[in-house]
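Okay, structure first, notes after.
The values are calculated or read from the model by the stated rules, or taken from the named source; none is laboratory data. On a predicted model such as this, the values are computed, not experimentally measured, just so you know. Ideal geometry is used to build each Cβ from the backbone, glycine not excepted, and the neighbour counts take in all protein chains shown.
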Amino acid sequence: MSLLKNYPPSYLYPFRHPKPEGVIEKVLFNLGSLFRSAGQGMDELGSLMLGNGGMQESVGPNLAYAPVKYNPAAAPKAGIVAPIPASAQRVLGVKEIVLPSKAESTFIAPNANVLGDVKIGAKSSIWYGAVLRGDVNSIEIGDNTNVQDNVTIHVAKHSIDGKLRNTVIGNNVTIGHCATIHACTIADNVIIGMGATVLDGVKVESGSIVGAGSIVPPNTVIPAGQVWVGNPAKFIRNVLPEENGFIASSANNYDLLGQQHKFENSKVFEEMLVEEEIAKDRELLEDKNLAVHQLYIFDPQTQLAARPRR
């Protein structure tokens, strides 16, 4: 098909933006990077020269991965402190911001909100509609942990006992859809059921399960390997051996699913055009009124079959 011929195989899935190999390609790549950097610098300089009366172009921020204002009185524990461009300093009145920190293998859904002093570990996933607000304290999430759709994770700047409370979530944790996690500590290998609420100062120890819809009152300690259910949540029984296996498989399954969603959500425009062309060819191939049943091309990177047009 025509579009597959226009792009080298290394450009298409799953290996995106390959490094330049030849001498000419390397020279053009370096020149292109230089021109883009120079253009950004000139835009910033022009904005400064215009002053406060100049037009300020505004684009809505991508809240899937957004900073908050740096507060020297509350030094970040999980995020990254970074300077901002001079033009933005003049508009916002701040010089530094706190950026969330994440691993390369982390999946963050495009409509999730991850704000400020947040650190997310490797192979973890933040799903659609989830909100992680590290605006007044820190949120730390370990490796291979999944925060499912519409979960809210927040912290405490003010509490009844006067303590500042951050939120710490360990490794291999599953937090079910629509749960609320507020200023608490969740250890490794835990499941928080769908719609559950875990409040300030709670400690959920390793290998435990909080049932769906349960509310865990402030400062509760859930011992390791126990199942707590209800409102207020209470001890029901110990975790069964098969449930321990489910805790592990849930985390691993969401890691694999997260990588698939990360791939789909990061496609560039050219890749979507390729898929559109492949879909059109498939329709033609499935048309029983056509006598063309040959000249298939199997693309090992897309894992799809296509037919070139003459």
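Say whether the condition of being in contact with a helix residue (DSSP H, G or I) (Cβ under 7 Å, 6 or more places away or on another chain) and outside any loop (DSSP other than H, G, I, E, B) is met by at least one residue in segment 207-217. Yes, segment 207-217 contains at least one residue that is in contact with a helix residue (DSSP H, G or I) (Cβ under 7 Å, 6 or more places away or on another chain) and outside any loop (DSSP other than H, G, I, E, B). Taking every residue in segment 265-286 that is farther than 28 Å from Ser125 by Cβ and pairing it with any residue that is surrounded by 13 or more Cβ atoms within 10 Å (Cβ to Cβ) and of a type in the set (A, V, I, L, M, F, W, C), at least 6 positions away or on another chain, the pairs with Cβ-Cβ distances below 7 Å are Glu277/Met1; Glu277/Leu3; Asp281/Met1; Asp281/Ala306. With Leu285, Leu273, Leu257 as the choices, which residue is in a helix (DSSP H, G or I) and at pLDDT 90 or above? On inspection, the qualifying residue turns out to be Leu257.
Checked against the criterion of being over 21 Å from Ser250 (Cβ atoms) and in a loop (DSSP other than H, G, I, E, B), the candidates Gly129, Gly201 yield just one match: Gly201. Given the condition in the same structural domain as Ile191 (by TED's automatic domain parsing), touching a His at 6+ places or on another chain (Cβ under 9 Å) and of a type in the set (A, V, I, L, M), answer yes or no: does some residue in segment 109-129 qualify? Yes: one or more hits. The requirement of being of a type in the set (A, V, I, L, M) and at pLDDT 75 or above is not satisfied by Ile297. Candidates are the residues of segment 184-226 that are under 17 Å from Gly142 (Cβ atoms) and among the small types (Gly, Ala, Ser); the one that is surrounded by the most Cβ atoms within 10 Å (Cβ to Cβ) is Ser208.
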